[in-house]
Amino acid sequence: MFSSVWNFIKRHKKKIIFTGALVGGVYFLGKYAQKKIREIQEKEATEYIAQARRQFHFESNQRTCNMTVLSMLPPLREAIITQLNSESLTTLLKTKPANKLEIWEDLKIISFTRTIVAVYSTCMLVVLLRVQLNIIGGYLYLDNSLAKSVTAPLTPPDVQQQYLSSIQHLLGDGLTALITRVKAAVFSKRPLEQQLSWIRAEVEVDSGRPLSSYMLADADNALADQACGLTENDVVTIRLLNETRDMLDSPDFSKVLSTCLNRGFSRLLDNLAEFFRLPVGDSAPNHFVSVLKCALQINLLPCLQDLLLNDQVKEFAANVYETFSTPQELQK
């Protein structure tokens, strides 16, 4: 029996060797394929987890953006009211003076300027904070992702505070310059819709300065002038501010801001129709007071809600976060 088996093996030796090699090759190929499949699955799982973590961090950052914008509304409103105070004129109007129409015109200029500035500054506040907080958010994500390979954080807490304090320009010198420009344009006597178009052209096109100048101080600010006394944190802050200026000068930013302004002024146009109907007769003073009470109230929330829910604003925020949350950004 054994000799017949041996004879069979010798007769079919090549076939047996070929079959064995084929089976062995298939086996090892199967093992290799399984290993590669596991590697691909593990890589996909890792990428999915990383993407999910990144998405969660982004959404959390957007909630932080919204809360920050809401927290900035009271100081913005207070800054506008302080620079465009109408209390004395309103009080005088209640006394039914002989020159009530003259007072009405002065009060109308102040209140209209205040309302226009409120729309501009609210839109600027929303998009500027979206840029700043998504730049910071992107770097914070990198800090968390690269914690083991990076010894120092990309944006230390002191840098974040110093960088985000630049928003004070919009509430200070930037707001003052914006008020001056708008108030100068308001003096022209035109119908309401033409008035808004005229003011927007004067502020956005013919002023000779970009809207970003109202939002962020020029590059040659006090911090940058400290040529020999800059700390490491100062250098990082300046880099963040320069990156922010680049974003503010981009076509995408201009498009998003323009969309926000269009939406804000559209809502304003609907709300101000009655405001520009001149009163007549003995009821004029009472009408003045009731209408002006409404017009002089700066209620930014309805406009703000539109802006925070705007799809273009959300998409722009996602693009900023994407840009600054990728490792390639570190190579710049």
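The values are calculated or read from the model by the stated rules, or taken from the named source; none is laboratory data. These numbers come from a predicted model, not from an experiment. Glycine also receives a Cβ, built like all others from the backbone with ideal geometry; neighbour counts cover every protein chain displayed. The area values use the complete protein model at the heavy-atom level, side chains included, leaving out ligands, DNA and RNA. Shrake-Rupley method; radii C 1.70, N 1.55, O 1.52, S 1.80 Å.
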Exercise for review: Would you be able to say whether some residue in the range 50-61 is open to solvent by 80 Å² or more (accessible area, probe 1.4 Å), farther than 30 Å from V256 by Cβ, modelled with pLDDT under 85 and not β-branched (V, I, T)?
Suggested key: no
Review point. Residues E42, E78: which one is acidic (D, E), open to solvent by 40 Å² or more (accessible area, probe 1.4 Å), at pLDDT below 80 and assigned to a helix (DSSP H, G or I)?
Key: E42
Revision key, fill the gap. Taking the range 81-102 and keeping only residues that are surrounded by 10 or more Cβ atoms within 10 Å (Cβ to Cβ), of a type in the set (A, V, I, L, M) and over 30 Å from L129 (Cα atoms), one is left with L89, L92, L93, L101
Study note, to complete from the structure: Picking from L140, L192, L164, the residue that is open to solvent by 10 Å² or more (accessible area, probe 1.4 Å), modelled with pLDDT under 95 and either more than 26 Å from E59 (Cβ to Cβ) or of a type in the set (K, R) (or both) would be L192
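Yes or no, residue by residue, for (1) in contact with a helix residue (DSSP H, G or I) (Cβ under 8 Å, 6 or more places away or on another chain); (2) modelled with pLDDT of 95 or more; (3) buried (at least 16 other Cβ atoms within 10 Å of the Cβ):
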{"site": "D206", "(1), (2), (3)": "no, no, no"}
{"site": "D225", "(1), (2), (3)": "no, no, no"}
{"site": "L230", "(1), (2), (3)": "yes, no, no"}
{"site": "N233", "(1), (2), (3)": "yes, no, yes"}
{"site": "T237", "(1), (2), (3)": "yes, no, yes"}
{"site": "L241", "(1), (2), (3)": "yes, no, yes"}
{"site": "G264", "(1), (2), (3)": "yes, no, yes"}
Revision key, fill the gap. Within the range 290-328, the count of residues that are under 18 Å from the mean Cα position of the chain (by Cα) and either open to solvent by 80 Å² or more (accessible area, probe 1.4 Å) or at pLDDT 90 or above (or both) comes to 17
Practice item. Take the residues in the range 103-117 that are surrounded by fewer than 18 Cβ atoms within 10 Å (Cβ to Cβ) and of a type outside the set (V, I, T), then tell me which one is modelled with the lowest pLDDT. Key: E105
